[in-house]
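Read through the structure below, which is laid out as structure tokens, and then see the notes.
The values are calculated or read from the model by the stated rules, or taken from the named source; none is laboratory data. Remember, it's a predicted structure, so these values are computed and weren't measured experimentally. Here the Cβ positions follow ideal geometry from the backbone for every residue, glycine too, while neighbour counts run over all protein chains shown. These accessible areas exclude ligands, DNA and RNA; they are computed on the full protein's heavy atoms, side chains included. Shrake-Rupley method; radii C 1.70, N 1.55, O 1.52, S 1.80 Å.
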Amino acid sequence: AGRTIEGYTLIVDLKGLNRSFLWGPGITIFNEMISTIANNYPTSLKKIYLIRSPPIFPTIYNLCKAFLGRDTTKVKLLGNDYKEVLLKTVGKNSLPRYYGGNLTDSAGDEKCSEWVCYGGEVPHSCYINQNASLQDDLNWQNVIISAGISFKAEYPVDSKGSVIRWRFRCKKHDIGFGIYFKKSLKFTSLQNMKNIIPVERHSCRIIPERGSLYCEEVGIYALVFDNSYSYFNWKDISYQIEIIEPNNMEDSSSKATSGNNIISNDET
């Protein structure tokens, strides 16, 4: 209290790390966390100390270097001989006794568990049933998208101010998603349509991706699932689209659009 904090030092204890930690969604979340820090607080992070690293660490480090930019001098690999460096940099009064300092929490815990949230085995109560989120409604559509093509689902919107709401999940890998607009059925190619939401790739194997769009114009909105970037992997997509008219905003379920309203096709 009463001190100005201009930056922080990150200490990553890698003891127990093994190949089972190289899990796609976990690495994705970690990369997003690092990207958020780098994009919003580029000068706040002073040092990253990686301590007690196992032999597999070089593989993991190479995965992370791309998100640290060129300034990898902030990263220090200390192995098991870390205490002297941490004491000199962090200070004994700010370092938990478990790591060689003098600090304990109010309960006398050397790890300072009162302030530091340590990792560990995930309890079974936190496990997610990957199909549970798809069992809450019968209006889910399914489509298999081959490698190298995209799938386009077109929805007519008759009332200005309507809202398009979507949920989708890709059971393996990731999938691109974007929205285009056209006034009538005259145009079929995306090149002749107005791009409303640029196509971006989403990793949504566990939790469905969600979003909504306020429709400023009356016409046809094309929701595109893009797999054109993939050379080998087909994608299994489950999705749900709802069109909510302005006079039914309070009761959005009453005007949910079913699959019968879709005009869809594949594009190479």
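A few comments on the model shown:
- For the stretch 215-237, the criterion of being among the charged types (D, E, K, R) and within 17 Å of the chain's Cα centre (by Cα) is satisfied by no residue at all.
- Among the residues of the stretch 80-126, those identified as among the β-branched types (Val, Ile, Thr), surrounded by 12 or more Cβ atoms within 10 Å (Cβ to Cβ) and in a loop (DSSP other than H, G, I, E, B) are Val90, Thr104, Val116.
- Note on the stretch 154-268: enclosed strands (runs of 3 or more DSSP E) holding 3 or more residues that are at pLDDT 85 or above and open to solvent by less than 60 Å² (accessible area, probe 1.4 Å) are 163-170, 175-182, 194-202, 209-214, 219-226, 235-244.
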